[in-house]
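A.B. asks: Take this structure, written in structure tokens, and hold onto it; I'll ask about it next.
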Amino acid sequence: MRKVLSIAAVIMLSVVCGCDEQPQSGSGEWISLFNGQDLSGWKASETPGCFSVEDGVLKLKGGRSHLFYVGDVESADFKDFHFSAKVKTTTGSNSGIYFHTKYQEKGWPDKGYECQVNVSHSDNKKGGGLYGIQDTKELYANDYQWYTQEIIVRGKNITTMIDGKVVANYTEGKPLPKWGNRRLSSGTFALQGHDPTCLVYFKDIKVKPLR
């Protein structure tokens, strides 16, 4: 009887624990996309001086610009992946992490999706949401504190997380009229410089390709 009860307890514990599991990201290895020393493997558009490296941290300030990953990992063409970066925002700052995008010299990237980076900017689309697709008004982080922002793409599903909490879980269907070019295909990542007053920091930028 004790053995039966023990087995039952293990099964019940497994069920309870399973309820809080985060999306699985596969068994691949994490690969760094940022060396902490310079912008090797990255290319800025429009306002190159917007991005700099200070004390191992990528600093974003100075105007509208996008920093595209153009390095050797996966030939800068990712399909299914788990992306992770540590982010620190400041008062009123706004940024974003684009994925399945491609280099574009000017303007807001018109290919791929944007995962919003925003805690206290006036835009009510807050950090972790899929901009214009599955937005959130809830705050999952605080300015001036490092937090981890993640994006997982598997097939037609996109999951975003902040500090391990799921923010958006979106399965792509028919194109939305306003955002018809927001489609999963493959592509690179880009970090957004939104405007001259925004100051945002990134570090520990890495990806795990999913097979």
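A.B. asks: Count, please, the residues in the stretch 181-211 that happen to be more than 16 Å from Val153 (Cβ to Cβ), out of contact with any Asp or Glu (no Cβ under 9 Å at 6 or more places or on another chain) and either hydroxyl-bearing (Ser, Thr, Tyr) or free of Cβ contacts under 8 Å to residues at least 24 places away in the same chain (or both).
C.D. replies: 1
A.B. asks: What residue, among those in the stretch 105-149 that are basic (Lys, Arg) and surrounded by fewer than 14 Cβ atoms within 10 Å (Cβ to Cβ), is nearest to Arg183 (Cα to Cα)?
C.D. replies: Only one residue fits best here, namely Lys106.
A.B. asks: For the stretch 53-69, which residues satisfy the criterion of being in contact (Cβ under 8 Å) with a residue 24 or more places away in the chain and not hydroxyl-bearing (Ser, Thr, Tyr)? Before you say what the answer is, go through the steps one by one.
C.D. replies: Let us first name the residues in the stretch 53-69 that are in contact (Cβ under 8 Å) with a residue 24 or more places away in the chain, namely 56-69.
Residues satisfying the conditions are Gly56, Val57, Leu58, Lys59, Leu60, Lys61, Gly62, Gly63, Arg64, His66, Leu67, Phe68.
A.B. asks: Taking Lys165 as the residue in question, decide whether it is of a type outside the set (A, V, I, L, M, F, W, C) and buried (at least 16 other Cβ atoms within 10 Å of the Cβ). Explain how you work it out, then say what you get.
C.D. replies: Numbers: of a type outside the set (A, V, I, L, M, F, W, C): yes; buried (at least 16 other Cβ atoms within 10 Å of the Cβ): no.
Answer is no for this residue.
A.B. asks: Check Asn118 against each of (1) at pLDDT 95 or above; (2) more than 17 Å from Val87 (Cβ to Cβ) and name the one condition it does not meet.
C.D. replies: Here Asn118 meets the rest and fails (2).
A.B. asks: If I filter the stretch 14-29 for residues that are at pLDDT 95 or above and not charged (D, E, K, R), do I get at least one hit?
C.D. replies: Among the residues of the stretch 14-29, not one is at pLDDT 95 or above and not charged (D, E, K, R), which makes the answer no.
A.B. asks: Out of all the residues in the stretch 92-103, is one or more in contact with a His (Cβ under 7 Å, 6 or more places away or on another chain), surrounded by 17 or more Cβ atoms within 10 Å (Cβ to Cβ) and of a type in the set (Val, Ile, Thr)?
C.D. replies: no
A.B. asks: Tell me the residue from Asn169, Asn181 that is in a strand (DSSP E or B) and either closer than 19 Å to Asp135 by Cβ or aliphatic (A, V, I, L, M) (or both), please.
C.D. replies: Among Asn169, Asn181, only Asn169 is in a strand (DSSP E or B) and either closer than 19 Å to Asp135 by Cβ or aliphatic (A, V, I, L, M) (or both).
A.B. asks: Ile152: surrounded by 21 or more Cβ atoms within 10 Å (Cβ to Cβ), over 23 Å from Lys61 (Cβ atoms) and of a type in the set (A, V, I, L, M), yes or no?
C.D. replies: Numbers: surrounded by 21 or more Cβ atoms within 10 Å (Cβ to Cβ): yes; over 23 Å from Lys61 (Cβ atoms): yes; of a type in the set (A, V, I, L, M): yes.
Yes.
A.B. asks: Further question on the same structure: When the residues of the stretch 112-139 are narrowed to those that are in a strand (DSSP E or B) and of a type in the set (A, V, I, L, M), which ends up farthest from Ile158 (Cα to Cα)? Reasoning before the result, please.
C.D. replies: Step one: of the stretch 112-139, the residues in a strand (DSSP E or B) are 113-118, 130, 134.
Checking which are of a type in the set (A, V, I, L, M) leaves us with 117, 130.
On the way: Val117: 16, Leu130: 9 Å.
Selected residue: Val117.
A.B. asks: For residues that are over 30 Å from Gly28 (Cα atoms) and not in a strand (DSSP E or B), scanning just the stretch 184-211, find the one that is modelled with the highest pLDDT.
C.D. replies: Leu199
The values are calculated or read from the model by the stated rules, or taken from the named source; none is laboratory data. A quick note: this is a predicted structure, and the numbers were derived from the prediction, not measured. Cβ atoms come from the backbone with ideal geometry, glycine included; neighbour counts cover every protein chain shown.
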